[in-house]
Amino acid sequence: MDGGFCRTQRLPLSGNRCSSDTRATPPRTRAMIVLHGYTGSGNCYKPALLMRQLGIPYQWREVDILNGESRTPAFLAKNANGRIPLLEVEPGRYLAESNAMLCYLAEGSALLPADRWARAKVFEWLFFEQYSHEPFIATVRFWVAIQKSAETNAAKIAEMRPKGYAALGVMEAQLAKTAFLTGAAYTIADIALYAYTHVADEGGFDLAGFPAVRDWLARVAAQPGHLTMAAAAAA
């Protein structure tokens with residue numbers, strides 16, 4: 001199913017500290033990029049939001065993971081790991097792993113700094129997101145809000161939720177000092193962490209004790225070209 005985002009226009013960008021010139025030339029222009037994803041997945045939302053903000057046109061193709069569509073022979077031929085999102089940059093050329101997609105798509109834009117140290121700090125947060133944040137906040141949300149299996153997984157949720165709060169605490173400490181995760185500038189690090197943080201409440205995470213995180217969520221939502229996950233699914 002085609003849907004989701006497909007935007008070609010460049011967006012006006014302001015010059016204050018909470019926004020950056022995110023314009024970039026699409027990595028490849030010979031064919032329309034196709035994003036194979038599942039509506040409601042934060043990992044699928046990441047590259048979609050980035051392409052929207054960079055003005056890179058693409059097509060969304062829905063993969064029903066709850067009914068095993070990512071485990072079919074046809075899909076496994078594209079990604080042997082059987083997971084979404086999957087970015088088809090041109091026919092027969094596929095890229096897996098959401099944060100790898102962010103790096104690929106943001107190359108040449110202000111969202112992925114050219115400076116060696118600044119870029120490493122972006123990577124630092126990308127690795128944190130996949131190791132210390134997403135496994136807990138996203139997984140609990142999946143059980144609670146998508147799979148509707150909170151009761152079945154109650155013991156696991158009780159074990160994982162404190163680890164999710166610990167990740168939010170790390171973010172809170174940084175965002176109490178800087179507007180965005182790596183400093184004054186919005187980068188793909190913010191996109192990566194925003195994806196599941198802004199829907200953490202759907203997994204029962206209470207952000208009331210994280211005022212800096214809440215303020216940061218508002219700054220990210222105010223970025224040019226931003227779409228919420230709900231709006232993206234309806235676009």
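Any read-out appearing in this document is the output of simple, stated calculations on the displayed coordinates, not a laboratory observation. Every value quoted in this text rests on a predicted model; they were computed, and no experiment measured them. Here the Cβ positions follow ideal geometry from the backbone for every residue, glycine too, while neighbour counts run over all protein chains shown.
Summary table below
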| item | result |
| --- | --- |
| Long-range lysine pairs (8 or more apart or interchain), segment 116-221, Cα under 25 Å | 5 |
| Gain in span if fully extended, Ala155 to Thr72, counting 0.36 nm per residue against the direct Cα distance | 26.8 nm |
| Per-residue Cβ neighbour rank within 10 angstrom, fewest leading, Val122, Val144 | Val144, Val122 |
| Order of Ile188, Ile33 under a 10 Å beta carbon neighbour criterion, fewest first | Ile33, Ile188 |
| Burial ordering of Leu50, Leu227, fewest other beta-carbon atoms within 10 Å first | Leu227, Leu50 |
| Estimated FRET transfer efficiency (Ala184, Thr228; beta-carbon r; R0 25 Å; 0.05) | 0.55 |
| Segment 35-175: radius of gyration over Cα atoms, expressed as a fraction of 2.2 N^0.38 Å | 1.15 |
| D (Stokes-Einstein, µm²/s), Kirkwood Cα radius, segment 91-235, 1.306 mPa s at 10 °C | 99 |
| Distance (nanometres) between label positions extended 7 Å along Cα→Cβ at Ala80 and Asp115 | 4.0 |
| Highest average packing first - 206-218, 98-110, Cβ atoms within 10 Å | 98-110, 206-218 |
| Contact order normalised by residue count of segment 116-221, Cα under 8 Å, 6+ apart, percent | 36 |
| Kirkwood Rh in Å, taken over all unlike Cα pairs in segment 71-122 | 12.5 |
